[in-house]
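Step one of this worksheet: look at the structure below.
Where a number appears in this text, it was derived from the coordinates with a stated rule and is not lab data. Here the structure is a predicted model, which is why all the values come from computation and not from measurement. Positions of Cβ are generated from backbone atoms using ideal geometry, with glycine treated the same way; all protein chains shown enter the neighbour counts.
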Amino acid sequence: MAKLYSRRAILAQIALGTGVAGAGFPVSHAFAASDDRPWAFFTDDEARWTAAVADVFIPQDEFPSASQAGVVDFIDFQMATAYGAGEGLYLDPPFPAGALAEQGYQLEFTPAQLLRQGIEQARQLGDIATMDAPARADHVEEMSNRDDITGTLIVELWKLTKQGYFADPIYLGNHDYAGWRMVGFPGAHAYYTERVDAHKRSVTPPPRGIAHDRDGSPYPPRAIGGGSD
């Protein structure tokens with residue numbers, strides 16, 4: 001994460017499977033003054049910290065930032081499922097250093113344990129939610145270079161941020177099809193019978209998810225008291 005990229009470069013790097021951090025983005029994120037909906041996994045402080053980091057990865061420009069698109073809601077939901085509990089993952093040692101990606105999951109923590117313990121340790125390194133944009137980017141880069149659970153956490157959050165931004169909205173991310181609109185992905189249209197007569201014309205239907213909701217998830221990203229608008 002030593003080099004900073006534009007939003008469009010982020011998408012190119014996603015295709016190549018590499019990680020990046022954004023710069024020059026607004027400090028604000030999706031958290032408004034209050035929200036009565038409880039988190040399934042996160043505490044308010046954990047969610048606020050996660051939003052600040054995710055918005056370094058995908059900042060706001062003409063499209064919503066990661067937290068504004070519901071990435072924190074997506075991660076919260078995933079950590080409360082069997083995936084977060086490590087179901088299907090081999091969690092017995094040894095865990096060799098420098099393991100290849102082809103060797104699969106190589107951590108002693110379940111995904112939920114990694115986030116809980118990692119965020120607790122990362123928050124001791126500074127309050128990212130109060131930093132300005134350049135400081136946030138520098139802080140995330142510094143954390144990513146650590147040889148401890150914090151560095152591992154940042155790598156995992158980068159993967160989860162990408163997944164949440166481009167997931168089908170039924171999983172609570174990609175609110176209002178922000179990710180799909182950005183890349184021009186039409187989504188899960190079951191049929192195009194209403195457009196069969198559009199011969200030799202460019203047709204760009206609005207994105208539709210698995211639930212065929214034209215507006216994506218009916219639930220906007222949750223907010224936390226004390227966060228920025």
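As a footprinting exposure proxy, order Asp61, Asp197, Asp148 by other Cβ within 10 Å, with the fewest listed first.
Lowest count first: Asp197, Asp148, Asp61.
What order do you get for 107-115, 72-80, 162-170, 126-134 when each peptide is scored by the mean count of other beta carbon atoms within 10 Å, highest first?
72-80, 162-170, 107-115, 126-134
For the pair Asp132 and Glu87, what calculated FRET efficiency results from E = 1/(1 + (r/R0)^6), where r is the Cβ-Cβ distance and R0 = 30 Å, to the nearest 0.05?
Efficiency at R0 = 30 Å is approximately 0.15.
By counting other Cβ atoms within 10 Å of each Cβ, how are Arg146, Arg116, Arg201 ranked from fewest to most?
Arg201, Arg146, Arg116
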